[in-house]
1. Being touching a helix residue (DSSP H, G or I) at 6+ places or on another chain (Cβ under 7 Å), farther than 30 Å from Trp20 by Cα and either β-branched (Val, Ile, Thr) or at pLDDT 95 or above (or both) is true for just one of Ile91, Ile72, Ile54. Which residue is that?
2. What number of residues in segment 14-56 are under 16 Å from the mean Cα position of the chain (by Cα), under 30 Å from Glu131 (Cβ atoms) and either polar (S, T, N, Q) or not in a helix (DSSP H, G or I) (or both)?
3. Between Ile75, Ile105, which is touching a Phe, Trp or Tyr at 6+ places or on another chain (Cβ under 8 Å) and on the phi < 0 side of the Ramachandran plot?
4. Output the number of residues of segment 77-91 satisfying the condition of being surrounded by 11 or more Cβ atoms within 10 Å (Cβ to Cβ) and in a helix (DSSP H, G or I).
5. Which one is farthest from the chain's Cα centre (by Cα) among residues in segment 109-134 that are of a type in the set (Lys, Arg) and outside any helix (DSSP H, G or I)?
6. Please find, within segment 98-108, the residue that is farthest from Leu56 (Cα to Cα) out of those that are β-branched (Val, Ile, Thr) and either loosely packed, with under 10 Cβ neighbours inside 10 Å or more than 29 Å from the chain's Cα centre (by Cα) (or both).
7. Considering only residues of segment 109-132 that are in contact (Cβ under 8 Å) with a residue 40 or more places away in the chain and either touching a Phe, Trp or Tyr at 6+ places or on another chain (Cβ under 6 Å) or under 15 Å from Arg30 (Cβ atoms) (or both), which is surrounded by the fewest Cβ atoms within 10 Å (Cβ to Cβ)?
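The values are calculated or read from the model by the stated rules, or taken from the named source; none is laboratory data. Since the model is a prediction, treat every value here as computed from it, not as a measurement. Glycine gets a Cβ as well: all are built from the backbone with ideal geometry, and neighbour counts include every protein chain shown.
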Amino acid sequence: MKGNIIAGGVMSIHSKLDRWRNVSRFVVDRVSDYTQLVSIELAQTRVRLVREIIALVAVAVTGLFTLSFVCIALIATAWNTPYFLAVVWAIAAAWLIASIVALLIVRAQRPAQSFRVLKDELQADFETVSEALK
C-alpha cells in the first residue's frame with residue numbers, strides 16, 4: 001500500500017516535470033518568434049510614423065501659408081475702411097477658435113495601437129501556458 005502511494009507521488013512529480021519541460025520548450029520556441037515579430041512591428045511602426053509626420057508637416061505648412069495669405073488679403077481689403085479694426089479682431093478670434101478646435105480634436109483621438117500583434121501573441125501564449133500548467 002505504502003509503495004503504491006510513493007509510486008503515485010513519483011508519477012505525479014514526473015508528470016508535472018514533463019508538463020513544465022513541455023511548457024519551457026514551447027516558451028523557448030516562441031522567443032525567436034517574438035524577436036522576429038518585434039523587429040517586423042518596429043519597422044512597420046517606424047515607416048508609418050515617418051509617413052504620418054511628413055504628411056502632417058506638409059499639410060500644416062501649406063495650410064498655414066494659405067490661411068496667412070487669406071488673412072493678409074482680408075486685412076488689406078479692409079485697410080482704409082471703418083471696419084478695419086473689426087476685421088483684424090475677427091481674424092484673431094477665428095484663429096483662436098481654430099486653435100482651440102484643433103487642440104480638442106487632437107486630444108479626442110485614440111493613440112495608435114503599436115505592437116498590437118505582439119501583445120495579442122503574448123496574451124494567447126500566456127493563456128496556452130496557463131492551460132498547460134493546470
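1. Being touching a helix residue (DSSP H, G or I) at 6+ places or on another chain (Cβ under 7 Å), farther than 30 Å from Trp20 by Cα and either β-branched (Val, Ile, Thr) or at pLDDT 95 or above (or both) holds for just one of Ile91, Ile72, Ile54, which is Ile91.
2. 1
3. Criteria check complete, one pass: Ile75.
4. So the answer is 7.
5. It comes out as Lys134.
6. Start the filter on segment 98-108 by keeping residues that are β-branched (Val, Ile, Thr), which leaves 100-101, 105-106.
Next, from what is left, pick out any that are either loosely packed, with under 10 Cβ neighbours inside 10 Å or more than 29 Å from the chain's Cα centre (by Cα) (or both): 105-106.
Details: Ile105: 14, Val106: 12 Å.
Among them, the one singled out is Ile105.
7. Ala132
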